[in-house]
Amino acid sequence: MTGIEDLLRDRRLLITAGSGGVGKTTTAAAMAMRAAQGGRRVAVLTIDPAQRLADALGLDALGGTLKQVDPGHFEAADLRCEGQLFAMMLDVKTTGDQMVRRFAPDPATAQRILDNNYYRYFSASLAGAQEYMAVEQVRTLVEDDAFDLVVLDTPPAAHALDFLDAPERMLSALDSKAMQVLRGGGDESLAARLLGRGRGLVIKSINKLTGGPFIEELTDFFILFGSILDAMKASSRAVQALLRDDGTRFFLVTAPYRANVDEALHFRRQLDSRGFPFGGFLVNRVHRPVPTVTDDPTTLAHALDELSDLPLDRRERVVSGMLAGLTAHARMAERDREAIARLDRLADAPLVVVPLLPEDVRDLRGLDRVARSLTA
Amino acid sequence: MSEPPHPYDRRFVFVTGKGGVGKSTVTAMLALRSARRGARTLVCELNTQERVSCLLGHQPVGGTVTCIDRNLWAVNISPALAMEEYALMKLRFRAIYKLVFENPVMESLVRFVPGINDLLMMGKAFNHEREVDEEGQPAWDRVIIDAPATGHGVTFFKLPRTIRDAVPAGNMHREAAAMWALLTDPVRTAVHVVCLPEELPVRETTELHARLKGELGLPLGHVFLNMVPPPLFDAEARADFDRLLERPADPRLGLLWDVSRIRLAREALAAGYARELEALDMPIVRLPIQYTATFERPQIEALLETLPA
């Protein structure tokens, strides 16, 4: 098995996935930072609409453009960086529009698509369009010679699957017989027939469900979109190949709880069934094991020389509070240990443990602490 | 105009927040509270690995509305089932449904409408809100929905308005307009936000609050601040502990001091984040961390105990 350190050195695309709130974004940023420190030119991307990545990288705002993390930030944090680190948040609207402009045969067609009501509804407002459009952007960056490595942070599990499935879904939709009919030119085009001739039962029924003008916008959209489908289809195939390439590795980030671990294992099976190459599990925010203290509060209170001026009962109360804290921590450490053991038993893959930090990760120094446990 | 009812007493309740903050926990707790007070309550999960029914000690219920406790029902809404239900309602005949939906052209069309799944699921939850029994009485006193996470969540809430504006007329327009009217009605609807006392969830909650309230004008309920570390010491013991400026010499006490300091650092962080949330005009409900090996029904019951009556 290849360690993370090696993967950071020689792969082209690393993808973090997992359920929500487990620290995916932080982990992706920490990996990207470590690779950049090792001398590579790295772009880290998030398709999560939140601004987390910006926070952790000390950037004020991440738009739909790549921004380099100021090398001065590294110096200020007493960290070396031999390479370059760029970050960006994939912006749905920009990405979708860029794709239309890129694949359209001419600017006029591009503009007609961009002006279509259905396209606007499709690209800007609705869940799913984001993942659908994002993969193309990722591919562009991976193919860009300006970068040695792209690190991609995906949205939480249910939607991470949407993201991974989006290219496949697009291809299969594009390859379907119905689409071929729909795309057929002139009078043969089903879309043209739907618009032109008397409406059959199917179109009547669809209208009943949606409202007439909507379906016309939609068919119009399909006719226009047909002109860019071949280019998109080729691109979609390239994305599929990229996700399965040996230069790509998927990481599953999980919290050390039974439910999260089971979710991660489920996700691993889904990755395997799609043929996506797996890099390992990253277990985040783990309580370190602590020794037990078996003495009773009174005994310990007597040993608390530093507060010997206090009456014994007050010292006992301090000690009791501390013992309660130790018990709580020990219970969490035991819970974490069991979850990790379960993952280790069932996973058959590299597993990296990142301990719970006493403070939040909010800057490069915090990221460095995470990166250190990743590559330890 | 009279004051809208207390958020707990509204009919159509959403629980949202950043991923992993405990939305299902809060949904389960609110559902249990509602059912205990005699309201016929339906919990909807939206096409996820079911958590709420499991947290309440029941098997996953799937797509069928299932009674999981006294006065409490649950359902996991899947887009496919919701689509079939909606289409059958509108088209009336299964044969037409089959013709339309088992038609490859339609299949492709549906695949090309991202968001349609969310719309269908929200539509089904919406139909439960207005569902009536044989006597024409509302079938449910309360419908509680475990909503998608932040980010995706805003898109989700915006959906009815988007469709209402994008589709100029017809059934879909009418449905979407009615859904939006319900969503924005402070008498019937409340949107609760779940948060953790950590930097990024607090920031996201602040952003979410601004978007839900400002951009969408939804009637907000409470912020549930989950996993707040309970104080390790009472005030006097804390003052005494704070006099220990250095690690005690005794190794057992040294270990206890180390662990306690980490805990107190988290307590202080949590208190700071709670203060940031106080700037929002949403009441905050604090839910303590429970240091237990498992998180199941007894832990939900314990949380319910901490809720003000």
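The values are calculated or read from the model by the stated rules, or taken from the named source; none is laboratory data. The structure presented is a predicted model; accordingly, all values stated were derived computationally and were not measured. A quick note on method: Cβ atoms are made from the backbone with ideal geometry, for glycine too, and the neighbour counts reach across all protein chains shown. The accessibility values were calculated without ligands, DNA or RNA, using every heavy atom of the protein model including side chains. Shrake-Rupley method; radii C 1.70, N 1.55, O 1.52, S 1.80 Å.
Scanning segment B:163-181 for residues that are open to solvent by less than 20 Å² (accessible area, probe 1.4 Å) and either within 11 Å of another protein chain (Cβ to nearest Cβ) or at pLDDT below 85 (or both) returns B:163, B:167, B:176. Entry remark, segment B:182-225: residues being of a type in the set (D, E, K, R), open to solvent by 40 Å² or more (accessible area, probe 1.4 Å) and more than 14 Å from chain A (Cβ to nearest Cβ) number 2 in total.
Residue check: is residue B:274 closer than 30 Å to residue B:240 by Cβ, among the small types (Gly, Ala, Ser) and touching a strand residue (DSSP E or B) at 6+ places or on another chain (Cβ under 8 Å)? In short, yes.
Here residue B:309 passes the criteria (1) part of a helix (DSSP H, G or I); (2) of a type in the set (A, V, I, L, M); (3) open to solvent by 30 Å² or more (accessible area, probe 1.4 Å) except the one numbered (1). Out of A:314, A:362, which single residue is at the interface with chain B (Cβ under 7 Å from one of its Cβ atoms) and within 30 Å of residue A:151 (Cα to Cα)? None of the other options fit; the residue is A:362. None of A:244, A:258 is more than 11 Å from chain B (Cβ to nearest Cβ) and among the basic types (Lys, Arg) except A:244.
Look at segment B:126-150: where a residue is farther than 13 Å from residue B:12 by Cα and a partner is among the aromatic types (Phe, Trp, Tyr) and buried (at least 20 other Cβ atoms within 10 Å of the Cβ), sitting 6+ places away or on another chain with Cβ atoms under 6 Å, you get B:148/B:156. Scanning segment A:325-376 for residues that are small (Gly, Ala, Ser), out of contact with any helix residue (DSSP H, G or I) (no Cβ under 9 Å at 6 or more places or on another chain) and within 30 Å of residue A:300 (Cα to Cα) yields one hit, A:333.
Here's the yes/no breakdown for (1) in a helix (DSSP H, G or I); (2) open to solvent by less than 80 Å² (accessible area, probe 1.4 Å); (3) within 8 Å of chain A (Cβ to nearest Cβ); (4) among the hydrophobic types (A, V, I, L, M, F, W, C):
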position	(1), (2), (3), (4)
B:260	yes, yes, yes, no
B:270	yes, yes, no, yes
B:286	no, no, no, no
B:291	no, yes, yes, no
B:301	yes, yes, no, no
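Of the residues examined, residue A:259 is one that is closer than 26 Å to residue B:295 by Cα, aliphatic (A, V, I, L, M) and at pLDDT below 85.
Of all residues in segment B:41-50, those satisfying the criterion of being surrounded by 19 or more Cβ atoms within 10 Å (Cβ to Cβ) and touching a residue at least 60 places away in the same chain (Cβ under 8 Å) are B:41, B:42, B:43, B:44, B:45, B:46, B:47.
I need the full set of residues from segment A:100-136 which are modelled with pLDDT of 65 or more, of a type in the set (A, V, I, L, M, F, W, C) and under 21 Å from the mean Cα position of the chain (by Cα), in order please. Don't jump to the end; show me each part of the working.
So the first thing to find is which residues in segment A:100-136 are modelled with pLDDT of 65 or more, and the list is A:100-120, A:133-136.
With the extra rule that they be of a type in the set (A, V, I, L, M, F, W, C), the set shrinks to A:100, A:103-104, A:108, A:110, A:113-114, A:133-135.
Correct list: A:133, A:134, A:135.
Among the residues that make up segment A:271-288, is at least one of them out of contact with any helix residue (DSSP H, G or I) (no Cβ under 9 Å at 6 or more places or on another chain) and among the hydroxyl-bearing types (Ser, Thr, Tyr)?
Within segment A:271-288, one or more residues are out of contact with any helix residue (DSSP H, G or I) (no Cβ under 9 Å at 6 or more places or on another chain) and among the hydroxyl-bearing types (Ser, Thr, Tyr).
Quick grid of which residues meet (1) of a type in the set (A, V, I, L, M); (2) closer than 14 Å to residue B:260 by Cα; (3) modelled with pLDDT of 95 or more:
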residue: B:189; (1), (2), (3): no, no, yes
residue: B:205; (1), (2), (3): no, no, no
residue: B:208; (1), (2), (3): yes, no, no
residue: B:245; (1), (2), (3): yes, yes, no
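If you go through segment B:246-260 and keep only what is free of Cβ contacts under 8 Å to residues at least 12 places away in the same chain and within 43 Å of the chain's Cα centre (by Cα), you end up with B:253, B:254, B:255, B:256, B:258, B:259.
One line per residue, one yes/no per condition, for (1) open to solvent by 10 Å² or more (accessible area, probe 1.4 Å); (2) modelled with pLDDT under 80; (3) assigned to a loop (DSSP other than H, G, I, E, B):
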site	(1), (2), (3)
A:21	yes, yes, yes
A:26	yes, no, no
A:33	no, no, no
A:36	no, no, no
A:39	yes, no, yes
A:48	yes, yes, yes
A:61	yes, yes, yes
A:82	yes, no, yes
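On inspection, residue B:18 qualifies as farther than 22 Å from residue B:141 by Cα and among the basic types (Lys, Arg). Considering each residue of segment B:37-44 in turn, none proves to be of a type outside the set (D, E, K, R) and under 22 Å from residue A:262 (Cα atoms).
If the condition is being more than 8 Å from chain A (Cβ to nearest Cβ) and open to solvent by 20 Å² or more (accessible area, probe 1.4 Å), then segment B:239-258 contributes B:239, B:242, B:245, B:247, B:251, B:258. Across segment A:273-302, what is the number of residues that are part of a helix (DSSP H, G or I) and open to solvent by less than 80 Å² (accessible area, probe 1.4 Å)? Total meeting the criteria: 6.
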